[in-house]
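> Below you'll find the structure I mean.
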Amino acid sequence: MPLPILTTARLSLRPVTEDDLPLMVDLNRDTAVMMHILGRPASAAETAEEWAERLSLRTDAARGPGYWAGYEEEQFVGWWGASSFVDNHDTSSIGYRLRRAAWGRGLATEGAQRMAAQALSAPGVTRVVASTMMVNHASRHVLQKVGLVHVGTNVQEWDHPITGWEQGEAEYALAHPDRPDTSRSIPAR
């Protein structure tokens, strides 16, 4: 069963397929887009590897979690995801990455709200989690607007640290309103 096409007031969210890889490569080539992810543009090979993992290990079309390419008036603006954890089916992680031209217009929040709803509609999911760098104030604001609550900060050493790494990753969570949350921490990726 394929993932559904989702919509919001301004977005058409279509399931990501291998055919979308050129869009993802182009998105990941933007230094500003990747500033809080790699600290530099990603190569085409890195992007292909990223999406191979996302589409094979973190998508569960039968239950609902997966990844969507977002379009506003037929123009690609970025991607949103409500991913599945291999060993933790009661938790879904939401994320997003947008082209710079789409920043500051509420699209990240609009799509993230739809992802949270998609994740919480999946059988057995008791909570949604997300993380972003502490220094990424725009993304933290999006997560708070969606209703996720800051539950902790994780500081760790990185082989290739990027600006702001020393402040750590802000971890957020949102419990399902009708299902008990049995999880104690955000699962490792």
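The values are calculated or read from the model by the stated rules, or taken from the named source; none is laboratory data. Everything numeric here is computed off the predicted structure, so don't read it as measured data. We place every Cβ from the backbone using ideal geometry, glycine too, and count neighbours over all the protein chains shown.
> Among the listed residues Arg10, Arg40, which satisfies the condition of being in a loop (DSSP other than H, G, I, E, B), farther than 24 Å from Thr163 by Cα and more than 14 Å from the chain's Cα centre (by Cα)?
Details: Arg40 fails: farther than 24 Å from Thr163 by Cα.
Of Arg10, Arg40, the one residue that is in a loop (DSSP other than H, G, I, E, B), farther than 24 Å from Thr163 by Cα and more than 14 Å from the chain's Cα centre (by Cα) is Arg10.
> Turning to a different aspect of this structure: Can you run down the residue pairs with Cβ atoms below 6 Å, 6 or more apart or on separate chains, where the first is in the stretch 148-176 and more than 21 Å from Pro41 (Cα to Cα) and the partner is at pLDDT 95 or above and part of a helix (DSSP H, G or I)?
Correct list of pairs: Ala170/Arg140; Tyr172/Leu143.
> Is there any pair with a first residue in the stretch 95-114 that is free of Cβ contacts under 8 Å to residues at least 40 places away in the same chain and a second that is in a helix (DSSP H, G or I) and surrounded by fewer than 18 Cβ atoms within 10 Å (Cβ to Cβ) whose Cβ atoms are under 7 Å apart and which are 6 or more apart or on different chains, and what are they?
Short answer, once both residue conditions are applied: Thr109/Lys145.
> Taking the condition surrounded by 13 or more Cβ atoms within 10 Å (Cβ to Cβ), of a type outside the set (Lys, Arg) and closer than 14 Å to His36 by Cα, does Met115 pass?
Values: surrounded by 13 or more Cβ atoms within 10 Å (Cβ to Cβ): yes; of a type outside the set (Lys, Arg): yes; closer than 14 Å to His36 by Cα: no.
Judged against the criteria, Met115 is not a match.
> Filter the strands (runs of 3 or more DSSP E) completely within the stretch 74-189 down to those with at least 2 residues that are among the aliphatic types (A, V, I, L, M) and under 26 Å from Arg10 (Cβ atoms).
Values: elements: 75-85, 88-98, 127-133, 149-154, 169-175.
Strands (runs of 3 or more DSSP E) meeting the threshold: 75-85, 88-98, 127-133.
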